[in-house]
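These notes are about the structure you will find just below.
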2 protein chains.
Amino acid sequence: MVFVLTISMMNPPANIAIAKPKNAGANARPMSSLLNKYSVVNTPSIFALMAKVKDIEGASSLLAWDQETYMPPGGLEARSNQTAALDVISHSYLISDEAKSISEKIRNFSGYSNDFQDSMFRLYLREYDKAVKLPENFVLEYSRAKTIAIESWKKAYKESDFRIYEKDLSKVIELKIQEAEYLGYENNRYDALIDLYEPGITVQKLIPIFDKLKNKSIDILNKLKEDEKLDTINDAFLKKSYPSEGQLKFSKLVADKMTFDFFNGRLDLSMHPFTTSFSTKDVRITTRLSDNELRSNIFSTIHELGHGLYEQGIEQELNRTFAADGASYGMHESQSLIWENIIARTHEFWTWGITHLRQIYPGSFNNIYSIDLYNAVNVVRPSLIRIEADELTYNLHIIIRFEIENLLINKKIKPYEIPDYWRNKYREYLGVIPPNDTFGCLQDIHWSHGSFGYFPSYTLGKLYAAMLWAKMNQEIPNLHHEISIGNFGVIRNWLKLKIHRFGKLETPEDLIMDVTGSVLNEEPFINYITKKIQDIYY
Amino acid sequence: MVFVLTISMMNPPANIAIAKPKNAGANARPMSSLLNKYSVVNTPSIFALMAKVKDIEGASSLLAWDQETYMPPGGLEARSNQTAALDVISHSYLISDEAKSISEKIRNFSGYSNDFQDSMFRLYLREYDKAVKLPENFVLEYSRAKTIAIESWKKAYKESDFRIYEKDLSKVIELKIQEAEYLGYENNRYDALIDLYEPGITVQKLIPIFDKLKNKSIDILNKLKEDEKLDTINDAFLKKSYPSEGQLKFSKLVADKMTFDFFNGRLDLSMHPFTTSFSTKDVRITTRLSDNELRSNIFSTIHELGHGLYEQGIEQELNRTFAADGASYGMHESQSLIWENIIARTHEFWTWGITHLRQIYPGSFNNIYSIDLYNAVNVVRPSLIRIEADELTYNLHIIIRFEIENLLINKKIKPYEIPDYWRNKYREYLGVIPPNDTFGCLQDIHWSHGSFGYFPSYTLGKLYAAMLWAKMNQEIPNLHHEISIGNFGVIRNWLKLKIHRFGKLETPEDLIMDVTGSVLNEEPFINYITKKIQDIYY
C-alpha cells in the first residue's frame, strides 16, 4: 500500500516573526521581512513530511527518556523492538517516494525564495540525503545494537569491567564505521561522523585548534605545578556530606532563577544526566545526586538546564519542523557550558549562591565566604572524570576521546585496546591514571548511544561559549551585578534573543558570526582561561 | 512506496508449552500436544504483522502512561500529534495489502490446524476486520479527540465543572457513535462498543443479569435500612489521618506478598489509578494517595496489582502477538476485583494486615482488631464514588453508567443532560445525590478515553471473580489460612495457572467454562454477597 498520513499540519507555520538581533553582525541576513511573503508551491508537503518525521522522533525520544529514568530492567527487550520500529518508520518516511519527489522539487526550484525557506530546504535536503544513503536493514540493526549496548554499558559501569561491554560496543563501532562508509567522506572516515554533529567540521580543521588548546592547557598546568600552586586552594569542604535533598533544592532554585519553565519541562534523576525534548513545550532534563559531592549535582544540573533553556527557547512555530533543534551540537553545548563553566563559576554567582547554601545547610557554610566558593569551584586539578573536570583540563578529556575515536573509526586500534589507550593518554596529558574502568573508559554513556563524533562538540561548545561570554559582557548592562543578585533571567533573555529562538534555521557559522562578528576560534577561550587562572592562583 | 518493515521476528514463537489445567471442564480442548506440530505456510507473516502492530501499540501505551504520570502540562499538543501518528500507523499496518492477503489466506485455509493456530487466526481476523471498517481519517480524528478530552476532563475534574468538559466529551461521543456505525451491529448501536471489550456480550444479554443484580442489591439495601443496620459498624477510624508514605509502604508490602515483580514492573502515582503494559516484562500500575483516606490507596493499589499480575502472568512467548492481553476486559476486571473486593475484604486478610498497619502507624491501631478492620472495610454505605463503593452497591454504580451510555450512544439523551441524569439515577438507585460534578459524572476518566462500553466489564468482572472464588475455595488447600499469613502467592499461582498464562488465546466463555465448569452467571456473586452481608450485619 501507499503509506499516507493525513497529518493536519498541511500548511506552513503561520505567524512566524523571527526578527534578527538588532545589532546583528556583518553577515546578517534580514529574515522577518521575508517570512510573510513566503510562498512556494510545494512547501506544504515539506512541512507535512517533516511533521510526520518529527512526531515519530518525539515518540522515540520518549522511549529513550523512559529507558534512562523509569523503565524497569525487564522492559529492555520490548523497548528495543519498539525503538527499532520507530527508527525504521521515521527513516522510511525520509526515503519514501513522496520525500524523494519533494527533494527533486527543491533541487529544481528556481522561483522566488527567502531565508526562511532556504533554511527549510537546506535542512530538508540534509536529512533526506543522509537517510537515502542508509539501507533500512542498517537502520534497524543499528537501533537494536544501541539499545543493547546501553544496557551492557550500565552493567559494565556498575561492575567496573570493560569486558562486559566490549562485545556490544564493538558491534556499535562496526556499525558506525559502516555508517561512515554509507554517508561518505573525503579524507578521513571519522569526518562523516563528526559532520552528523557539527556540519562542516573535519578532523583536519579540528587538529590545529585542538593542538593549540592542548599545548596551552598543558603549559598552564605545568606552570601551576612548577609554581607549586596546585593544591593551594581549599576545596575540601565541597566533599563533606551534603544530603541530596538539599542539593536538589538548590538546583531547583537555580532552575527557577535561570527561568527554566516547569510547565513545559521536568527535572528527573538518571544515572547519566541528559536533556531531551519532545517539543519545545516538553523539555526534560535529568541530574544525579551524591551526598558526598556537592559539585556533581549542582554543575551537572546547571549544564542540563543550559541545554533545556535552548530547547525551550526555540520559536514554538518551528515545532514539527527540522529547525526545531539546536543549530549544531557544538552550539548546544555552548549553551550548557556557558552556564555550567562560565556563569556558575564567577565570584558573583557564589555571592548569590552562598546565602542559599547557608539556608539549605544550616551551619555548614558559616566560615565559608563567597570568595572561598569561587576559588574552590575553580580549582584546577587534573582528574579522571570528564564531567567533573575543571575548565582548564576539560578540553584534555575531550581531546583524548577525539583521538581514540579517530583511531577506532579508522580501524587503527581495536575496541579491546580502549582501556589501555585511555590509561596511557590520561597519564600523558593529565598525569593521572584511572584505578578502574568506571573511572576510565566506562565513564561516558555516549559510545553506547553510537555518538562517535559527538565529543568534539563539547570543546567547540567551550569555544563558542567563550566567544558569547565576551560579547555578552559588552552588551548586557551590569552583567556581573545581575549575576550577583541571582537575576540570571537577563542572560537567558540575551541568549534566547541571539541564539535560542532561531533553532536550526541558521548554520552555526552564520549564527556565531551574526552574534559575535567573528568566525569560530580559540582566542576568546584562551584569553578567558588565562585570566581566570591568574585571578585564582596568583 | 510499499511500506515494509523488516522486523526480525519472522518466525512463530518457539517453545510454547501451555498445558491445559488438569481438571479442565467439559469444553476443554487439549492444546499442548498440538502446539509442537503447528505448521501452516503463511503463519510467519501473521506473526511478523502482529509484532509490527504490537511494537507500535507498546510505544503508544508509553505515550499514554507518561501523559498520566510525568508529562508536563505544556507537552499536551505534541503528545496529541505523536499519539495520533502511532495510532494511524498501527491501523495502517492492519489495513495494508499485506494484512489483507494474510486475512484471505486464513479464510481460505483448509489444512491441518490446532488450537493455538485457531486462536491466532481468530484474534488476527478480529483485529483485521475491525481495522478495515474504520477509515484512516476517523482513526486520526478519534485519537486527537481523546487526547484533548483527557486534558479537559482533568481541568473539569479539578474545577468540578462539567461544562468545561462537555464540548470535548461530545466530540468523543459523536465519534463513538460513528465508530459503532462503522463497526456494525444487529439490534442496538451500543452493542458494537460493548463488543470491543467483551466479545459476544450485548445489551440484550446484559439487561436480565443487570436487572437481577439491581433488584437484589436494592432489596438487600432496603432490608439493611429497614433493620436499621446501616451505620451500625464503626469505620470512622479509616478516615483519620494516615500519612501517605505509610500507605505507600503498606501497598508495596501487599505488592510483594502478591508477588508483583518489580524487576518487570513499576508502581507510580497518577490522578486516576490505572494499569498498562508494554510487554509482559514491563507492566506499570499507578495508585493515588490521600492522607485522610486509608481505604482509597490500599484498595486501588490492590485493584491495579490484580490487573498487573494478569499482565505479568501471560506466557512470555505470547509477547508481540495479539494474544498478549487479557481474555477480555471483563476477565481482566475479574483479576483486579477478586483481589480488591474479595480477598482483601476477608477477615483473614486483615488478620495479616493489622500487624503491618500497627508497625507502620504506631499507636493508631492499638485498640483496633482484625475483626474491626474486616467489618469496617465491608461497611455497606450507598455512596457517590464508584471506586470507593462497597461490594453490594458497586454494581449499582456500574448499572447507572451502563444505562446512561446506552442512552447516549443511541442518541436518546444529549451530553449536556449527563449531570442531571447522573444525579437522578444516583438518587433513585442509591439514595444519594452528588453535591457537584467531581463527585458525580466527572469521577471517571473512562469517557475521555473513549471507553464507552467498558463499564459493564466491571460487573462482569465481579461475576467472574465470584465464580473463580468459589472454585478456588474448593481447589486451594487451606486457602483462608494462607491468606491469614500473607501467603498470597498461592492465590497468584492458582490464577496464573488457570487464567493468566493463556492471555487472550481462549475466549472468556471457554476460559470460565474450563476453569469453573459453568457459563457466566450471577448466582455465585449473589450467594457470596448475601452471605457476606449476613456475616457482617447479622
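Coordinate-derived values only; no laboratory data. Note that the coordinates shown come from a computational prediction; the quantities given were computed from them, not determined experimentally. No Cβ is skipped: glycine too gets one built from the backbone with ideal geometry, and neighbour counts run over all protein chains shown.
Cβ-Cβ distance of A:Gln474 and A:Glu228, R₀ of 45 Å, FRET efficiency by 1/(1 + (r/R0)^6): the value works out to about 0.75.
When each of the peptides A:257-268, B:227-238 is scored by the mean number of other C-beta atoms lying within 10 Å of its residues, the order from highest to lowest reads A:257-268, B:227-238. The calculated pair-distance distribution of chain A uses every alpha carbon pair, bins of 20 angstrom beginning at 0, and gives 21, 57, 21, 1 percent. Overall size of the stretch B:33-188 from C-alpha positions, given as principal axis extents largest first: 60, 39, 29 Å.
Taking a ≥ b ≥ c as the square roots of the eigenvalues of the alpha-carbon gyration tensor, the stretch B:280-320 is classed prolate because a/c is 1.5 or more and a/b outweighs b/c.
By DSSP, the beta bridges lying fully in chain B are antiparallel in about 45 percent of cases. Entry note, chain B: relative contact order of 20 percent, from Cα contacts under 8 Å with a spacing of 6+ residues.
The three principal axes of the Cα atoms in the stretch B:417-538 give end-to-end lengths of 50, 42, 27 Å, sorted in falling order. If R0 is 56 Å, the Cβ-Cβ spacing of B:Asn292 and A:Ile371 corresponds to a FRET efficiency of close to 0.65. Between the C-alpha center of the stretch A:181-252 and that of the stretch A:82-146 there is a gap of 33 Å.
If you take the beta carbon distance between B:Asp118 and B:Gln178 as r and set R0 to 22 Å, what does 1/(1 + (r/R0)^6) give as a FRET efficiency, to the nearest 0.05?
For R0 = 22 Å, the calculated efficiency reads 0.10.
Our helix-only sum for the protein assembly as shown, with -39,500 (n - 2.57) per DSSP H run of n ≥ 4 divided by its residues, gives a mean residue ellipticity at 222 nm of -19000 deg cm²/dmol. Toward the positive end of the charge dipole of the stretch B:203-537, with +1 on the Cβ of Lys and Arg and -1 on the Cβ of Asp and Glu, the farthest Cα among B:Phe278, B:Leu221, B:Tyr421 is that of B:Tyr421. Between B:Glu104 and B:Asn487, the simple spin-label model (points 7 angstrom out along Cα→Cβ) gives 5.9 nm. The mean number of partner chain beta-carbon atoms within 10 angstrom of a residue's beta-carbon across peptide B:57-69 is 4.
Would you work out the charge dipole size for the protein assembly as shown about its Cα centre, treating the Cβ of every Lys and Arg as +1 and the Cβ of every Asp and Glu as -1, and quote it to the nearest 20 debye? All intermediate terms of the calculation are to be shown ahead of the outcome.
Values: 124 positive and 138 negative charges, 55 e Å.
That gives a dipole near 260 debye.
Near A:Gln335, once Lys and Arg are set to +1 and Asp and Glu to -1 for all other residues with Cβ below 11 Å from its Cβ, the sum equals -1.
How would the stretch A:481-538 be classified by its alpha-carbon gyration tensor: rounded, prolate or oblate, with rounded meaning a/c under 1.5 and the a/b versus b/c comparison settling the rest? Note, shape of the stretch A:481-538 comes out oblate. Taken over the protein assembly as shown, the alpha-carbon convex hull comes to 183 cubic angstrom per residue. Counting only other chain Cβ atoms within 10 Å of each residue's Cβ, the peptide B:315-326 averages 1. Mean per-residue shielding of peptide B:82-93 is 5, counting Cβ atoms of other chains within 10 Å of each Cβ. The chymotrypsin sites (Phe, Trp or Tyr not before Pro) of the stretch A:358-397 that DSSP puts in a loop, and whose beta carbon has at most 13 other beta carbons within 10 Å, are A:Tyr369. With viscosity 1.567 mPa s and temperature 4 °C, the Kirkwood radius over alpha carbon pairs of the stretch A:196-248 converts through Stokes-Einstein to a diffusion coefficient of 86 µm²/s. Placing unit charges on the Cβ atoms only, positive for Lys and Arg and negative for Asp and Glu, gives chain B a dipole magnitude near 360 debye about its Cα centre. Model label sites at A:Asn521 and B:Asp420, defined 7 Å from Cα along the beta-carbon direction, differ in position by 7.9 nm. For the stretch B:118-215, the square roots of the Cα gyration tensor eigenvalues, ordered a ≥ b ≥ c, give a/c of at least 1.5 with a/b no greater than b/c, which places it in the oblate category. Inter-copy label distances for B:Leu125: 5.4 nm (label point placed 7 Å from Cα along Cα→Cβ; shortest first).
First select every other residue whose beta carbon is under 13 angstrom from the beta carbon of A:Ser451; then total the charges, Lys and Arg +1, Asp and Glu -1. Could you put the intermediate results ahead of the total?
Details: positive: A:Lys146, A:Lys176, A:Arg401; negative: A:Glu179, A:Glu198, A:Glu333, A:Glu405, A:Asp444.
Around A:Ser451, the surrounding residues sum to -2.
Between the C-alpha center of the stretch B:275-300 and that of the stretch B:362-383 there is a gap of 22 Å. For the stretch A:427-472, chymotrypsin sites (Phe, Trp or Tyr not before Pro) meeting the loop criterion (DSSP other than H, G, I, E, B) and having at most 11 other Cβ atoms within 10 Å: none.
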